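Participant: Submitted below is the structure of interest, expressed as structure tokens.
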């Protein structure tokens, strides 16, 4: 009962005897969340989707009740810039995979923002008649409505294309080592 368990850090020596070496974390192992996302094949897409949904839903409260082109364009560009920068920073290359990740994530984020904001801020009209005179639709039902509507608007697709261009911009030299941080930081 007083027997001590062998520690996991002891490794057998060259002649089979155990030594008291304590191996540390390998130098090639990622240490931070960003490094783990960069090394994961789907890391850039996952981070882009998280940023798109979070920023899109946060900005959906700013969508005006009256359709105003300038407000829609500026809010869509904010989501586009956030997602494109995230995917560009986290993707290991500038290829079609990064561009597709940026396109899909941006299209989803902008769509969620615009439809949720439009449905939630609709103060009158058909939506108010459906919900009742004194009833509001609410944010949760607006998000459900955004998830039920297909993503086919021209503005959403245009934002996705802009994000794909930003994520894939630059020379494609795989021989050149990529810095771990953007220049200037």
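Participant: Find how much the distance from residue 158 to residue 140 grows on full extension, using 0.36 nm per residue of separation minus their present alpha carbon separation; answer in nm with one decimal.
Facilitator: Once the chain is fully extended between residue 158 and residue 140, it gains 3.8 nm.
Participant: For a protection proxy built on the mean count of beta-carbon atoms within 10 angstrom, sort 100-112, 69-81 highest first, please.
Facilitator: Put in order of decreasing packing, that is 100-112, 69-81.
Participant: Can you figure out the FRET efficiency of residue 36 with residue 147, using R₀ = 22 Å and their beta-carbon distance, to the nearest 0.05?
Facilitator: With R0 = 22 Å, the Cβ-Cβ based efficiency is 0.15.
Participant: Follow-up. Using per-residue counts of other Cβ atoms within 10 Å, averaged over each peptide, order 50-57, 141-148 from highest down.
Facilitator: Taking the mean over residues of other Cβ atoms within 10 Å, the ranking is 50-57, 141-148.
Participant: What residues from the stretch 79-119 fall in the zone where the backbone N is under 19 Å from a label point 7 Å along the Cα-to-C-beta line of residue 70?
Facilitator: Residues 79 fall inside that zone.
Participant: Rounded, prolate or oblate: pick one for the stretch 33-168, where a ≥ b ≥ c are the square roots of the eigenvalues of its C-alpha gyration tensor, a/c under 1.5 means rounded, and failing that, prolate if a/b is larger than b/c, else oblate.
Facilitator: Prolate shape, in that a/c is at least 1.5 and a/b is the bigger ratio.
Values in this text are rule-based calculations from the coordinates and carry no lab data. Keep in mind it's a predicted model, so treat the numbers as computed, not measured. Backbone-built Cβ (ideal geometry, glycine too); neighbour counts: all protein chains shown.
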